[in-house]
């Protein structure tokens, strides 16, 4: 396939594209669905394990080598980078960006969204509704920190946690102090948030592609559990979101700089509050709950947007 010139418009509809999927799990539902949809539309799709990639960053012409060979040219790359390999995965993605490949989500945006504290600060600055959140370094400040978010019950989160891991509900002041001090003794970075009791163990995920919410589901926590993550035994069902919730989800995605993401919200007494923006949302729960072809929508987005050197950061961030 001939390389398109820099700045050239997106290819005409029906033009075959070469799409790379950065994923360590080719058999995972999300990866398989993206491969299926890409191939069904006539595109060449290859799954690449980012941890098996290596780069010569001193080269005048950026390259990526994979399993002993130089990687071929791609038109677009879909990053499915797990939280545990964010550092190296985004480094590989930056190399793709430096080579002019169109990223569905840019490396800078992924890094930004993976930093829970930074992402909340960015959302707060732009006026997005959030749970009252506190953050401190010294154990001497614990009591005032707890007071600042309205006291117990409250939620304590590890900044590096994912899929509900490292999220604790402290129902009393004593329990909150004990858990926070224990995390601090381990030098773990945490934040604490008000507990939205009226949420009732449910949250809403709005799946954003481009500039619109393409699917939404409500996740219900398992009995005796307050975390609604599907990985924690939660269940998903179709839900209708309000125009305000839809607008908040799109704005949150844009603030993070993400083209494809899952925006998780809670319905509180003072409106919807965003609790997380996920840059690598799973497709299984949302597709089964809504019966929508979300993977196909992602590939369609690539067809409309992919063109050489069409990134905001070009690997500079």
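A short reminder: the numbers here are calculations on the coordinates, not readings from a lab. If you're wondering where the values come from, they're calculated on a predicted model, not measured in any experiment. Positions of Cβ are backbone-derived with ideal geometry, glycine not excepted, and every protein chain shown enters the neighbour counts.
Let's test the formula: R0 of 30 Å, r as the Cβ-Cβ distance of residue 175 and residue 254. What FRET efficiency results, to the nearest 0.05? Rounded to the nearest 0.05, the efficiency is 0.20.
When the chain is treated as a Gaussian network with alpha carbon springs shorter than 10 Å, the biggest mean-square fluctuation among 50, 281, 243 belongs to 243. To the nearest 10 degrees, how steep is helix 243-256 against the longest Cα principal axis of the chain, on a 0 to 90 scale? For 243-256 against the chain, the angle is about 70 degrees. Modelled this way, with points 7 Å down the Cα-to-C-beta line, the labels at residue 235 and residue 84 are 3.0 nm from one another. Given R0 = 35 Å, the distance between the Cβ atoms of residue 27 and residue 198 translates into a calculated FRET efficiency of 0.35. A straight chain from residue 188 to residue 242 at 0.36 nm per residue would run longer than the Cα-Cα distance by 15.7 nm. Altogether, the Stokes-Einstein calculation at 37 °C and 0.692 mPa s, with the Kirkwood radius of the stretch 59-128 over Cα pairs as Rh, returns a diffusion coefficient of 243 µm²/s. Each principal axis of the chain carries a Cα extent, and these read 64, 44, 34 Å when sorted largest first.
How high is the FRET efficiency from residue 147 to residue 63, r the C-beta distance, R0 41 Å, rounded to 0.05? The pair residue 147/residue 63 has a calculated efficiency of 0.15. For the stretch 133-195, the Kirkwood estimate of the hydrodynamic radius, built from every pair of different alpha carbons, is 11.2 Å. Subtracting the Cα-Cα distance of residue 138 and residue 15 from their residue separation scaled by 0.36 nm leaves 38.6 nm. Within the listed set 86, 290, 174, the residue fluctuating most in the Gaussian network model of the chain (springs between alpha-carbon atoms under 10 angstrom) is 174.
When the P(r) is computed for the stretch 237-306, the part past 15 Å accounts for 61% of the Cα-Cα pairs.
Potential lengthening of the chain between residue 46 and residue 117 amounts to 22.2 nm, from the contour at 0.36 nm per residue minus the alpha-carbon distance.
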